[in-house]
1. Please work out which one of (1) surrounded by 21 or more Cβ atoms within 10 Å (Cβ to Cβ); (2) within 11 Å of chain B (Cβ to nearest Cβ); (3) in contact (Cβ under 8 Å) with a residue 12 or more places away in the chain is the condition A:Val272 fails and give its number.
2. Tell me whether the range B:205-219 contains one or more residues that are over 26 Å from the mean Cα position of the chain (by Cα), open to solvent by less than 100 Å² (accessible area, probe 1.4 Å) and either more than 14 Å from every other protein chain (Cβ to nearest Cβ) or charged (D, E, K, R) (or both).
3. State the number of residues belonging to the range A:300-319 that are open to solvent by 50 Å² or more (accessible area, probe 1.4 Å) and touching a helix residue (DSSP H, G or I) at 6+ places or on another chain (Cβ under 6 Å).
4. Out of all the residues in the range B:16-48, which are of a type outside the set (Val, Ile, Thr), closer than 23 Å to A:Ala185 by Cα and part of a helix (DSSP H, G or I)?
5. Of all the residues that make up the range B:270-281, how many are open to solvent by less than 40 Å² (accessible area, probe 1.4 Å) and of a type in the set (Val, Ile, Thr)?
6. Checking the structure you have, find out if any residue of the range A:163-171 is more than 16 Å from A:Phe428 (Cα to Cα), over 24 Å from the mean Cα position of the chain (by Cα) and within 11 Å of chain B (Cβ to nearest Cβ).
7. So B:Arg139 ticks every box in (1) surrounded by 10 or more Cβ atoms within 10 Å (Cβ to Cβ); (2) of a type outside the set (S, T, N, Q); (3) away from chain A (no Cβ under 13 Å) but one. Which box is left unticked?
8. Which of (1) within 22 Å of A:Phe227 (Cβ to Cβ); (2) open to solvent by 40 Å² or more (accessible area, probe 1.4 Å); (3) touching a Pro at 6+ places or on another chain (Cβ under 9 Å) does A:Arg111 not meet, given it meets every other one?
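The values are calculated or read from the model by the stated rules, or taken from the named source; none is laboratory data. The structure presented is a predicted model; accordingly, all values stated were derived computationally and were not measured. Quick reminder, even Gly has a Cβ in these numbers, built from the backbone with ideal geometry, and neighbours come from all protein chains shown. Note: areas computed on protein heavy atoms with side chains; ligands, DNA, RNA excluded. Shrake-Rupley method; radii C 1.70, N 1.55, O 1.52, S 1.80 Å.
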Amino acid sequence: MNIDYTIEAPVVEGRLTLGDIERLVAAPMESKPDKKFYIALSISGTFLLIGAVLLAMSFYKGVGLWGNNQPVGWGFPIVNFVFWVGIGHAGTLISAILFLLRQKWRTGIARFAEAMTIFAVMCAGVFPIIHTGRPWLAGYLMPYPNQHGLWVNFTSPLVWDVFAVSTYFTVSLVFWYIGLIPDFAVMRDRTTAKIRKTIYSIFSLGWRNSHRNWQHYEKAYMLLAGFATPLVLSVHTIVSFDFAVSIVPGWHTTIFPPYFVAGAIFSGFAMVVTVLIFVRKIFDLEKIITLNHLEKMTKVILATGLMVGYAYGMEFFIAWYSGVQVEQFVFINRAFGPYAWAYWIMVSCNVIIPQLFWIKKIRRSIPAMLVIVILVNVGMWFERFVITVTSLHRDFLPSSWGYYTPTIYDIGILLGSFGLFFTLVILFTKALPVVSISEIKAVAEGAQPNHGGAH
Amino acid sequence: MKEKKVYGLTALFDTPDRIIDAVKKISSDGYKKFDVHTPYPLHGMDGAMKLKPSKLGYITLVFGLSGALFALLFMFWAMSIDYPMVIGGKPFFALPAFIPITFELTVLLATLSTVIGMLTFFFSFPSNNHPLIGSDYMRSVSADKFGISIEAEDEKFDDIQIRALFSKLGTIQIEEIYYPDTETFPMFQKKFILFLLVIAILTGGTTYFVLNKLLFMQPFNWMMTQDKLIPQERSEFFSDGFGMRVPVDGTVARGFLPYEFKGEVNPASFLSNPILLTKKSILFGQQKFLTFCSPCHGNFGDGDSRLRGQFPNPPTLHSNRVKEMPDGQIFHIINNGQNIMPSYSSQTTVEERWAIVNYIRVLQRAKNATQSDLEEIKKESAANGK
């Protein structure tokens, strides 16, 4: 890409030649899947199946099987929706925002993170649709001319959500595909197997590595990154509007949009690190997805974790400072009420434990990192749980207070969404290059003319 | 075999520096139809090839702006013109609340148009039958070599000269590229037509099945058949089988005044018309008569029912019997009903009933107008200038 990177640690370690890089990245696609692959796939597939069966039962019997009821009507489906959309945000951040910030190290992880974005948004999209209990009527969410002469309510945050999430999914997919085109061409020219060559040819669209194309391509990439950046910020902002635009105490706050976006990046990076730790090990990509990359990501996690911690504190401050009685009650109830356990899991996983990343040794130790990022994932799931459930279970009317407990169906469907996510990730690692071949070649040592234009 | 048509000449180079130098030479030599192929974009290549900056951004701009405009105008039309509705106390054109969707549509249209515009308009993709694709040259440049191709269509194309130039620039390999043989597929092949037919039957059948059958099966019919009772439906739950429940005995509706002469035959002596015969009250009575009485009694009270025999025709209201009835008795008939004529007490108020009575009187007088009545009317219309 036409960018002047500042001098720093080499992105690719071990002085790999262009051919080596290509071989390394293409290896998983060119070898037969081994036992480990099938074991991993069957585990994630099992979870997926559990989720699918419980979901089918929920459709048949009705959503009464879930824990959602008055006063907590939002329960698990919305918690999971916000959680998965948040996970998706890291991918766009890495591929678009770090691209605009000219962070060369992103090349090693961008493709993977983008794929995770797409899969996470797929998982997220499932929940609001099933939450209605009648997913086959989801088409009503789109404005279309109908006999009733009615339109959707364009001033409702829930409709903004439909637009935001579907735009986000489409743009991410297109962005991802654009990045994949040159790699499809590489794979087309590498393979000799007839069927695979045909498939790669179709998807490469006849890409010829022509510089006349590269020129527009780089421009398009730049433009897309420029659009994806505000888009990703808008998506979680709008998700936060689902809460903030209502008058429920604990939701009706102006801090929600930035707080949600920071939380999204926080959880997304944690998920990317979790998965990359395994992928780089299993597919021998340690030289391309280096420890330096992981360390940089832990720094982002630390920074966003602090922002999230700040938001937690600020919510309490504003509740006190505003002088609104219910608001104050809700926050005290969060920390010391019936859901205090969830609140303190959230605080310790999201604010306290990530502080360990101040220590360089921990930032560079894979096992320690793995434990922490998994805890961050847990913590961020609980954050959404705390926000959704604690505000609803005790709002203005004490006569309708209640305690929400998820049922086995709720938990099974959540596991199912993890199954869906990991199944897609596992299939992706075998089917497509997990690292952008052309981008990583461009940042390898000696890949660019050293006298450039100044000749 | 046919003579193959030459597409052009290609040369491979093995370092980025070499290719940049070579490209500079070739573009300054005045070649126009040449291209450079590299596994990734090289810094400084735009300058070396003397390319103008990409114009892709214009597509993005135009479509992005039209996305924004379309979203805003559409929401304005839908929410303030087509189906105006006050929501949350916001004005019909609630600009702040329209911004999220406007933004999303801007981004969506801008990105999609950029990508589609680039792939089709700028690259003319898909182009899988391009002569370069499938050549050894393409395999090398998509792996780790850097190549230049000069098309035979270039004005300055000269095989020998270019070969010499390439080797002077330090190429590692020169390859001549030919156009692929063009394959032709006749349109009216038996197989192809059969294929079209099968596709047509399949899509037609599926569409029919989905729209006419599937959507009426479980679970798609759940919206229609719900476990609730629709008015007039039979209930399995109540022992009397009625879905609609009757109020408990002795329930009194708000504003209800008991009618003390219910069931009596002629209480007329107690009832006297409290309403003055004004034009206003007559017109009011006409409206109510047309609404409640005319279906059976006819528009003029002749007993010419519009019910086509679904209900026995009532007698005319111009009989001597009715003419001689005191106002109170007609009032009583409306209130109480008479034989098979049902009571109209729940549909009409006390004033409306008296207004109807007055209107019946008007009808009766009009039907049996005397000479003096006609003269009166003539005078009146003369005064009105008719």
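1. If we test A:Val272 against (1) surrounded by 21 or more Cβ atoms within 10 Å (Cβ to Cβ); (2) within 11 Å of chain B (Cβ to nearest Cβ); (3) in contact (Cβ under 8 Å) with a residue 12 or more places away in the chain, just (2) comes out false.
2. So the first thing to find is which residues in the range B:205-219 are over 26 Å from the mean Cα position of the chain (by Cα), and the list is none.
No, the range B:205-219 contains no residue that is over 26 Å from the mean Cα position of the chain (by Cα), open to solvent by less than 100 Å² (accessible area, probe 1.4 Å) and either more than 14 Å from every other protein chain (Cβ to nearest Cβ) or charged (D, E, K, R) (or both).
3. 2
4. B:Pro16, B:Met45, B:Asp46
5. Of the range B:270-281, the ones open to solvent by less than 40 Å² (accessible area, probe 1.4 Å) are B:271, B:281.
Add one more test, that the residue is of a type in the set (Val, Ile, Thr), and what stays is none.
Number of matching residues: 0.
6. Kept after step one, since they are more than 16 Å from A:Phe428 (Cα to Cα), are these residues of the range A:163-171: A:163-171.
Filter once more, keeping what is over 24 Å from the mean Cα position of the chain (by Cα): none.
Within the range A:163-171 (the criterion being more than 16 Å from A:Phe428 (Cα to Cα), over 24 Å from the mean Cα position of the chain (by Cα) and within 11 Å of chain B (Cβ to nearest Cβ)), the answer is no, since none of the residues qualifies.
7. (3)
8. Among (1) within 22 Å of A:Phe227 (Cβ to Cβ); (2) open to solvent by 40 Å² or more (accessible area, probe 1.4 Å); (3) touching a Pro at 6+ places or on another chain (Cβ under 9 Å), the lone unmet condition for A:Arg111 is (2).
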